[in-house]
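Chemist: Dropping the structure in here first, questions after.
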Amino acid sequence: MNGTKAALELLPTGLREKAGREAGPEVEELRLRLGQPVSYVTGVSERRSCGPPVRREDLYLLLEKATGAALHAAAGALEEGYYCKNGVRIGVCGQASGANQNREPFRNITSLSLRIPRECRGILDGVKGKLLSGRLESTLILAPPGGGKTTALRELIRLISQSGIRVGVADERMELFGGGVFDLGPCTDVLSCQPKARAAMQLMRAMNPQVIAMDEIGGEEDAGAVRQLFGCGITLLASIHARDRGDLERRPACSRLLKEGCFQRLLIVSGSGGNRRYWVEDLG
């Protein structure tokens with residue numbers, strides 16, 4: 001799957017051709033800000049296009065295309081600040097409406113970020129032996145925002161599924177599976193468009209998985225689902241925003257999960273772009 005192509009296809013025609021010539025394979029995000037040219041994020045740097053400034057109608061046209069001209073129906077997702085289309089995460093900023101009966105999460109949209117998804121086979125080759133040899137352990141993947149957690153989780157799911165182990169994926173926003181865009185392996189069942197904690201419990205009851213995977217856990221509801229699954233003897237794969245174990249231990253809900261033994265290993269991702277490093281830390 002070409003994630004750059006999927007992201008470019010969402011751009012209005014006037015911006016797409018220029019961005020298609022300028023965005024190289026190393027680009028991780030496209031940024032559209034009202035009154036500014038499109039810019040391209042690579043690792044920690046950002047470069048601006050020499051093209052025209054983004055208009056307000058460009059921002060709304062992009063969201064209309066992503067949501068199938070159903071912005072109102074997508075309001076529930078947009079209230080969380082982003083929407084996903086074919087694995088592309090579209091972050092939204094502007095004037096938030098707050099709670100209202102019309103379910104319009106933004107009165108005015110002023111910027112969008114399109115995070116380019118990638119299916120990176122082989123990125124875990126250096127740690128595959130430790131992750132997959134012997135008894136499969138519950139693993140928590142750590143990286144800061146935009147640090148490659150989802151890509152690493154996607155690859156780990158595929159590797160485990162290829163070994164013949166049944167994996168249930170709670171894909172709340174269709175980022176892991178992308179509605180079939182990504183290959184998650186032959187023994188994987190995916191439940192999308194439900195809160196991940198609820199989807200994980202439904203997978204356990206309905207699909208008899210040996211492993212359940214969830215992306216970006218964080219709140220108490222997610223932590224409660226992790227505890228319940230752990231108590232049922234299911235191996236867990238999850239990702240979370242954090243740089244290292246110290247970050248986790250400073251967050252009460254995460255610290256309790258570690259102390260309770262819900263995860264036995266950390267897979268830590270650092271660096272950016274093609275310079276990302278992966279290493280495994282056992283939790284004892």
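Chemist: Give me the orientation-averaged projected area of the Cα convex hull of the stretch 128-282, in nm², one decimal.
Modeler: Result: 8.4 nm².
Chemist: Among DSSP beta bridges lying fully in the stretch 63-214, give the percent that are antiparallel, nearest 5.
Modeler: Numbers: 12 of 21 bridges.
Looking only at bridges with both residues in the stretch 63-214, the antiparallel portion is about 55 percent.
Chemist: Right, something else. Work from the charge dipole of the stretch 3-115 (Cβ charges, +1 for Lys and Arg, -1 for Asp and Glu, about the Cα centre) and give the residue of Thr13, Asn108, Cys93 farthest towards its positive end.
Modeler: Going by the Cα projections, it comes out as Thr13.
Chemist: Kirkwood hydrodynamic radius (Cα pairs, Å) of the stretch 26-76?
Modeler: Working: mean 1/r = 0.0822 Å⁻¹.
Result for the stretch 26-76, one decimal place: 12.2 Å.
Chemist: Here is a follow-up. Just to be sure I understand: if I project the alpha-carbon convex hull of the stretch 1-135 onto a plane and average over all orientations, what area do I get in nm²? Walk me through the intermediate numbers first.
Modeler: On the way: hull surface 42.8 nm².
Average of the hull's projected areas for the stretch 1-135 equals 10.7 nm².
Chemist: In addition: Can you tell me the dipole magnitude for the chain around its Cα centre, using point charges on the Cβ only (Lys, Arg +1; Asp, Glu -1), in Debye to the nearest 20?
Modeler: It works out to roughly 260 debye.
Chemist: Now, a different point. Mind checking which of Cys50, Thr67, Gly224 is farthest towards the positive end of the chain's charge dipole, using Cβ charges of +1 (Lys, Arg) and -1 (Asp, Glu) about the Cα centre?
Modeler: Final value for the positive-end residue is Cys50.
Chemist: What residues from the stretch 106-130 fall in the zone where the backbone N is under 14 Å from a label point 7 Å along the Cα-to-C-beta line of Gln95?
Modeler: Within reach of a label on Gln95, which here means backbone N under 14 Å from a point 7 Å along Cα→Cβ, the stretch 106-130 contributes 106-111.
Chemist: Taking loop as defined by DSSP and a crowding limit of 16 other beta carbons within 10 Å, which GluC sites (Glu not before Pro) in the stretch 174-276 fit?
Modeler: Taking the stretch 174-276 and a limit of 16 other Cβ atoms within 10 Å, the loop GluC sites (Glu not before Pro) found are Glu260.
Chemist: Between Glu26 and Glu221, what length in nm is gained on full extension when 0.36 nm per residue of separation is reduced by their alpha carbon distance?
Modeler: 66.6 nm
Chemist: So, one more: Rounded to the nearest 5, what is the percent of antiparallel bridges among the DSSP beta bridges in the chain?
Modeler: Counting only bridges with both partners in the chain, antiparallel ones make up about 55 percent.
Chemist: Next up: Taking Rh as the Kirkwood radius computed over C-alpha pairs, what is the Stokes-Einstein D of the chain at 37 °C in a medium of viscosity 0.692 mPa s, expressed in µm² per second?
Modeler: Estimated diffusion coefficient is 166 µm²/s.
Chemist: Hey, what number do you get for the chain at 222 nm if only DSSP H runs of n ≥ 4 count, each worth -39500 (n - 2.57), divided across all residues, to the nearest 500? Can you show the working numbers first?
Modeler: Working: 10 runs with 87 residues, N = 284.
Estimated from H runs of four or more residues: -8500 deg cm²/dmol.
Values quoted throughout were computed directly from the atomic coordinates according to the rules given, and no laboratory measurement underlies them. Since this is a predicted model, take the numbers as computed values, not measurements. Cβ: placed from backbone, ideal geometry, glycine included. Neighbour counts: every protein chain shown.
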